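Have a look at the structure below before the remarks.
What follows draws every value from the coordinates through simple rules; no lab data is involved. Because the structure is predicted, anything quoted here is derived from the model rather than measured. Neighbour counts are summed over all protein chains in view; Cβ atoms, including those assigned to glycine, are modelled from backbone coordinates with ideal geometry.
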Amino acid sequence: MQTYLSSYRVLILSTFVALSAALSAQQARESNVQIKNGVKIYGPIRHPGATSPSFTLSIRGGDDAGTRYEFRVGSMVAITISMTNITNHDIDYSGCSWHLDSSYNYLVWDEDGKPAEKIAFGDPDLSTSSPYWSGISPGKTKTYEADLEQIYKFDRPGRYTVQVSRPDYDYLDENGKPVVIKSNTIMITIFD
Amino acid sequence: MVSPAIGHAQTVTWYAGQTNNWSFGGLSLDPRCAFNTNWPTCDEFASLTTPDGTNLPFGYAGTSYSLAELTGYVTLPADTPSGMAIFTLGLTCDPGADEPCPNGGDDPYIIWQSSISVRIVGCSSPSIASVTPDGWWAGQKQNITISGGCFLPPSDSSSPSQVTLTDGAGAVTLSNVSVVSSTQITATVNVTKKAPAETVTLTVTNTSSNGASQSATASPAPVVLPVPVIKWKGNAISGDKAKNQSVIVGQPVELTTTPASLPGGFTVSGSNWTIPGTNVQQFSHPNSGIVLTPTQTNKPNTTYYWLYPQDAMNVAYTYCATDPNGNQICESPEAKAAFNAKGPGTLTLATDDSQLALVEKLDTCNPPGKLPFLEYGDLSGPAPGCGNDEGPAGIHLTVSGASSGSYVFAQVVDADVSEYTHATGPSPTSCGAHAGLDRSFPYEAVEKQNPQTAYDGPQMPLFPNALTGTRTFHASMYLLWQPDQLPGTATASIPVPIGRQDWQFIATAVENAKGKWERHAILTASGDEGEGFVPSTPDDNAIYGYPQWTHLVSNVCGVSQEVQ
């Protein structure tokens, strides 16, 4: 049991790892809601078989102007993620409010290139969650402001490199695994 | 000893602003006391007096004396008015203790005096130093003061100074002109309401009986300060004949005004808007909470949004002007424009409570496995962080009533506590989430094809060695409405508050005697909470009924807390 619980703790960074086989056989789904027997069934939009990425990701500083890259220790460390649909059909924008939106992977490295220290959420992580299912229309962009301070410690001044990624469940690699779409990288500075 | 007065029969002409000669002839004066001697007790005197007894200032000097003639000159100030006066010249004696008068007596006496009549030709060239005020409001009757010199009063024989004004629009009339003194004229100007911004030529003219009229024109010229006009979409919307304008809450109201500039070196130096109703200039929604920027009311142009419907709102605008000398003239007549701000109509928010409180094992991904969750709804599939599960959500909130625009949801979690009891151990475990905004603004869990429906299905992992797990969840779903983009402007519309629906989910998952979680949890409460759908009002909070939060909902379950 202990081994199982320890493994569960690393779920955040393993979002895309285990779903590949099932996804390759998935059914197309045009909407995030279907009605079966009078009941609304929510689920992700799917267009399997894509031959190119479905979306792009970009990140920038967290304020409205996208120009804030310096944060005080203990304050919000916000970045804004923009996901743009580059297909001619709706694509999935589903996720789960679990610490941050768990549909993204939040990657942070310190000045030495080592992964930054994360907050330990317990063993097991008893954090609650709320899934959501949504979509992005063709050519449109949705943004999400993520406070990295909710999952990373950022308790020491320094410069950090940040990147965000998200698996593209419609665009699979030769092994049938979702291709992970990566954003640009940005540098942020944490100061006292 | 005393010579006869030469006098009144003799009339000489003197000119203001000039040195004028005079002479008295046929004199017979005591030579000891002649004008040019130093007899100690003798003194000369001179005066220039109008018929009404007013003494006029003048400069005097004697030049020569003989027994036959006394000559000299008088200098009149430039602003000496025209008219008749008497110039008197004399010689007195005032004996001192040791000095007798020429007559040997001890009493003062006039040795000699004589007068001549003087016809004064007053100022020929008036001057204007200032006009106060120098900005005249359209639509108003104002008293003005012209300061300067050489103004001729009515008593002046050359007739009083004349004041005239001309303006290109023919919008200014003059009345009640009064030459108060040689340095001041008062008058009343009346400017028509529709007068444009223009300079006015104001002239003071002195007529002369013995030469051409002389005049002076105010420089800088007074300026007509027009009644301001409020414009919307390029059209004037203020004034007597203006109709009520219809706007939609949440759409930008971009108002401009005239005059934007003024002639004659005047500038629009201050602006003041009065905008009734609940309005803001800007709306933004960072994770730290909605920020509303107050409407700017001190600039000639303003852009704002009304947040709540209201009819017959009078927007007013006034301005101040600064003249070339830096004097501020406040404040202009008011421009008023009436608006009716319309809302989306009556919106209703219906809640559909699934009344499902189930335990579902979700798929973990590394390593593959299953972990039980207490759910509001019936979701199955991957565990959080492992992909997207699917199924019916616990609650749906569906809005209806608007024929245009779009609905915007925002969910604020007020309280969220997870509690576990254990088969062994000293006490239950409890953890909770900080209240705050649920994920983002706007709320993301909205049906893509039916964006009038928002939903939620909170999940709670069940502690593997717990006996029970209870979730107590309270949230407020805020409904906002965002009107369509206003045609003809690039300024986006903003969402306005409509109301909120509080809801809850309280359920307990129970592990049975076999160590298995019961599929059906004990549902204590779910769905609507409180007083139903509560319409927003401007007085709800400091941000006019918008949802308030300071941060996103964040879990603190990572650190287990012991319940006391």
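General remarks:
- Both radii are taken from the alpha-carbon atoms of region B:159-235; with Rh as the Kirkwood radius, Rg/Rh is 1.12.
- Unsatisfied cross-links (Cα-Cα over 23 Å) in the set A:Lys142/A:Lys182; B:Lys361/B:Lys448; B:Lys370/B:Lys514; B:Lys370/B:Lys516; A:Lys153/A:Lys177: B:Lys361/B:Lys448; A:Lys153/A:Lys177
- Shielding of A:34-42 by partner chains, average beta-carbon count, 10 Å: 4
- The label-point distance for B:Asn314 and A:Lys182, in a model that sets each label 7 Å from Cα toward Cβ, rounds to 6.6 nm.
- Simple label model, 7 Å out from Cα along Cβ direction - B:Ser155 to B:Gln296, nm: 5.9
- Multiplying the residue separation of B:Lys370 and B:Glu531 by 0.36 nm and removing their Cα-Cα distance gives an extension gain of 54.0 nm.
- Nearest-0.05 FRET efficiency for B:Ser147 and A:Lys140, computed from C-beta distance (R0 56 Å): 0.20
- Dipole magnitude of region A:64-138 about its Cα centre (Cβ charges: Lys, Arg +1; Asp, Glu -1), debye to nearest 20: 140
- Dimensionless Rg/Rh of region B:428-561 - Kirkwood Rh, Rg from C-alpha atoms: 1.07
- Here B:Lys336 is the anchor, and the lysines within straight C-alpha reach of less than 30 Å, apart from those fewer than 8 places off in the same chain, are B:Lys141, B:Lys193, B:Lys194, B:Lys231, B:Lys233, B:Lys241, B:Lys243, B:Lys299.
- Residue-normalised convex hull volume from the C-alpha trace of region B:48-102: 135 Å³ per residue.
- With the gyration tensor restricted to C-alpha atoms of chain B, the semi-axes of the equivalent ellipsoid amount to 100, 27, 15 Å, longest first.
- Loop-located trypsin sites (Lys or Arg not before Pro) in region B:453-518 (DSSP state not H, G, I, E or B) with no more than 15 neighbouring Cβ atoms inside 10 Å: B:Lys514, B:Lys516.
- Amide H to amide H distances under 5 Å link B:Gln18 with B:Leu76, where only residues 5 or more positions off or on other chains count and H is placed in the peptide plane.
- Measuring r between the beta carbons of A:Asp173 and B:Asn327 and using R0 = 56 Å, the FRET efficiency lands at 0.15.
- Built amide H within the under 5 Å cut-off of A:Glu70, gap 5+: A:Thr189
- Whether region B:123-167 is rounded, prolate or oblate, judged on the alpha carbon gyration tensor where a/c under 1.5 counts as rounded: prolate
- Charge dipole of the protein assembly as shown about the Cα centre (unit charges at C-beta), most positive-ward option of B:Gly270, B:Pro286, B:Ser115: B:Pro286
- Comparing B:Ala521, B:Trp481, B:Ile543 along the charge dipole axis of region B:474-552, the residue lying farthest to the positive side is B:Ala521, per the Cβ-charge model.
- By average C-beta atoms within 10 angstrom, highest first, the peptides B:248-256, B:336-344: B:248-256, B:336-344
- Each Lys and Arg Cβ is given +1 and each Asp and Glu Cβ -1; about its Cα centre, region B:43-154 then shows a dipole of about 900 debye.
- For the protein assembly as shown, the normalised intensity computed at q = 0.06, 0.10 Å⁻¹ comes to -0.58, -1.03 (log10 of I(q)/I(0), Debye sum over alpha carbons, equal scatterers, no solvent).
- Here r is the Cβ-Cβ distance between B:Lys241 and B:Ser175 and R0 is 35 Å; the resulting FRET efficiency, rounded to 0.05, is 0.80.
- Helical mean residue ellipticity (222 nm; -39500 (n - 2.57) per DSSP H run of 4+; nearest 500) of the protein assembly as shown: -500 deg cm²/dmol
- For region B:275-285, 3J(HN,Hα) computed residue by residue from phi via the Karplus equation (6.51, -1.76, 1.60; θ = phi - 60°) reads 10, x, x, 8, 9, 9, 8, 9, 9, 9, 9 Hz, glycine and proline entered as x.
- Close amide-amide hydrogen proximity is noted between B:Ile237 and B:Ile230, B:Lys231, B:Trp232, each under 5 Å apart and 5 or more residues distant or on a separate chain (H modeled in the peptide plane; Pro and chain starts excluded).
- Computed from point charges on the beta carbon alone (+1 for Lys and Arg, -1 for Asp and Glu), the dipole magnitude for the protein assembly as shown about its Cα centre is near 2000 Debye.
- Sites matching trypsin sites (Lys or Arg not before Pro) across region B:157-266 that sit in DSSP coil, with at most 14 neighbouring C-beta atoms within 10 Å: B:Lys193, B:Lys194, B:Lys233, B:Lys241, B:Lys243
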